[in-house]
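A short write-up of the structure that comes next.
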Amino acid sequence: MKTLVFATNNQNKVNEIRKVTNGLFNIITLQEAGIDIDIPEPHDTLEANATEKSTVIYGLTKQDVFSEDTGLEVIALKGEPGVKSARYAGEGRDFQANIDKLLVNLEGKENRQAQFRTVVSLLLDGKEYVFEGICKGSIIQEQKGFKGFGYDPVFIPDGADKTFAEMTMDEKNTFSHRKKAISKLIDFLNEIA
Ligand code: IMP
């Protein structure tokens, strides 16, 4: 079975992706690889940050690795918070503070359309492959639900009647940006296997 290091410290993302890959690959977390670093996200695009993360971890492990960077892109806010989603309300990366800031910034705006966009960078034998997944939806006025993480309590995907935070992980994965990007990665790995 192919082993891939997943370059993230976010356990929610690990859980989601293990569910999607469903035992097809041996996914190793940074913790399991014995790596304890705060991976840098210094760039102003999701693509560049994803590449940075996989490259840094490849440099440390010399193992096949993938990373992902995700942003919430809100039309009325000209694509913000976007690449700054984790630190929207400050360096503390506080999910609640980020939601509060988002809702304040959307006050009075009619257009509440948004999308989550995930960029996955896979480094296989040192060569990079990039995959994208998008989930379109809208930002509600008041948060609902307690599951998931990040902006999940204020995001309803198109075609659903509840927020990501009100969904089980399986339900979220039927819509999820991350699931779409990872499915492309899985298809690619199956094609070249
Ligand atoms: P990262 O830089 O890719 O770790 O993600 C940036 C931020 O986007 C996270 O800290 C979360 O606030 C948010 N985010 C990423 N993925 C999701 C998701 O699936 N649901 C809700 N928020 C998310």
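Since every read-out is calculated from the coordinates, none of them should be taken as a lab result. A quick note: this is a predicted structure, and the numbers were derived from the prediction, not measured. No Cβ is skipped: glycine too gets one built from the backbone with ideal geometry, and neighbour counts run over all protein chains shown.
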(message) Please check: in the Gaussian network model of the chain (C-alpha springs, under 10 Å), which one of 84, 162, 53 has the largest mean-square fluctuation.
(response) 162
(request) Of the options 131, 58, 15, report the single residue whose Cα projects farthest towards the positive end of the charge dipole of the chain (beta-carbon charges: Lys, Arg +1; Asp, Glu -1). (result) 15
(message) Given axes a ≥ b ≥ c from the Cα gyration tensor, I'd like to know whether the range 73-117 is rounded (a/c under 1.5), prolate (a/b larger than b/c) or oblate.
(response) oblate
(request) Give a residue-ordered list of calculated ³J(HN,Hα) values for the range 148-157 (Karplus: 6.51 cos²θ - 1.76 cosθ + 1.60, θ = phi - 60°; whole Hz; x for Gly, Pro). (result) x, 7, x, 8, 3, x, 10, 10, 10, x
(request) Report the residue, chosen from 173, 98, 22, that carries the largest GNM mean-square fluctuation when the chain is represented by alpha-carbon nodes joined by springs under 10 Å. (result) 22
(request) Express the relative contact order of the range 3-192 as a whole percentage, based on alpha carbon pairs under 8 Å and six or more residues apart in sequence. (result) 19
(message) Spelling out what I want: for every residue of the range 104-111, take phi, set θ = phi - 60°, compute 6.51 cos²θ - 1.76 cosθ + 1.60 (Karplus), and round to whole Hz; glycine and proline get x.
(response) 5, 5, 9, 4, x, 8, 7, 7
(request) Springs between alpha-carbon atoms under 10 Å, Gaussian network over the chain: tell me which of 104, 74, 119 tops the mean-square fluctuations. (result) 104
(request) Return the long-range amide H neighbours of residue 138 (sequence gap of 5 or more, or a different chain), with a cut-off of under 5 Å between placed amide H atoms. (result) 114, 156, 158
(request) Filter the GluC sites (Glu not before Pro) in the range 67-153 to those in DSSP coil with at most 12 other Cβ atoms within 10 Å of their Cβ, and list the result. (result) 91, 107, 110, 142
(message) What do you get for the angle between helix 46-61 and the principal long axis of the chain? Use alpha-carbon atoms, 0 to 90 degrees, nearest ten.
(response) 30
(message) Going by amide H atoms built from the backbone, whose H comes under 5 Å of the H on residue 80, apart from near neighbours?
(response) 74
(request) Give the span of the range 3-192's Cα atoms along each principal axis, as three whole-Å numbers ordered largest to smallest. (result) 50, 31, 24
